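The structure appears below as structure tokens.
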Amino acid sequence: MNYFELFEMPVSLKVDAAALAKKYFELQKKYHPDYYSTASNEVQAEVLEKVAHINRAFKTFKNPDETIKYVLIQKGLLEEEEKYQLPPDFLMEMMELNEALAEAAFGDAGSLDEIKMSMENAEKEIYLPVQSIIENYKDGDTSEAALLKVKEYYYKKKYLNRLKEQLKQNEI
């Protein structure tokens, strides 16, 4: 059973946070191990597996990037260890940010703020072309070409997240 079926939600690239929380607590209550304490070992094991599945789904849906990844994997458009080739212009921009990060590690905090702002701008810039696809996704209606744009966004965002993590390390 996929995560959307488990949570009885339509397949979406952007999950409704309120509906997610409500369904999560409903499922947690329904499958709470205390309710099955007198059941057979087999049933208890099944319930524990179900709870683990619910928790994995919830964790995935709480993270917008992981939700996108999950949908793309379900659609067969993304593989776990895929070597995706990002556009050269994006890679050049990220290389410049990476170099600026390396230089800022030995410089002042002001340049770190500048880099942070550049990263925020880059994040907005990569989201704009896919915003309507992500926010208005309809399973079965959204074209594969549109989903491939979302896939490119996912990999760009992943790259940017690595740089953000480096920035956090430099701020410490």
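Every number here is computed from the coordinates shown, using simple stated rules; none is lab data. Please read all numbers here as calculations on a predicted model, not as lab measurements. With ideal geometry, Cβ positions are generated from the backbone for all residues, glycine too; neighbour counts draw on all protein chains shown.
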Specify the angular offset, from 0 to 90 degrees and rounded to the nearest 10, of the alpha carbon long axis of helix 41-62 from the longest principal axis of the alpha carbons in the chain.
30
Taking Cα atoms, the helix 109-127 axis meets the longest principal axis of the chain at an angle in degrees (rounded to 10) of 60
Would you work out the relative contact order for the chain, in percent, from Cα pairs under 8 angstrom that are 6 or more residues apart?
27
Inter-site label distance for GLN166 and LEU148 at 7 Å from Cα along Cβ, in nm:
3.0
Calculating Rg/Rh (Cα atoms, Kirkwood Rh) from this structure picks out, from [x] 1.08; [y] 0.93; [z] 0.98, entry [x]
If the chain between SER132 and ASP16 were fully extended at 0.36 nm per residue, the gain over the current Cα-Cα distance would be 40.2 nm
1/(1 + (r/R0)^6) with r = Cβ-Cβ of GLN85 and GLU49, R0 = 35 Å, i.e. FRET efficiency to nearest 0.05, evaluates to 0.40
Just to confirm a number: summing +1 for Lys and Arg and -1 for Asp and Glu over residues other than LYS124 whose beta-carbon lies under 14 angstrom from that of LYS124, what do you get?
0
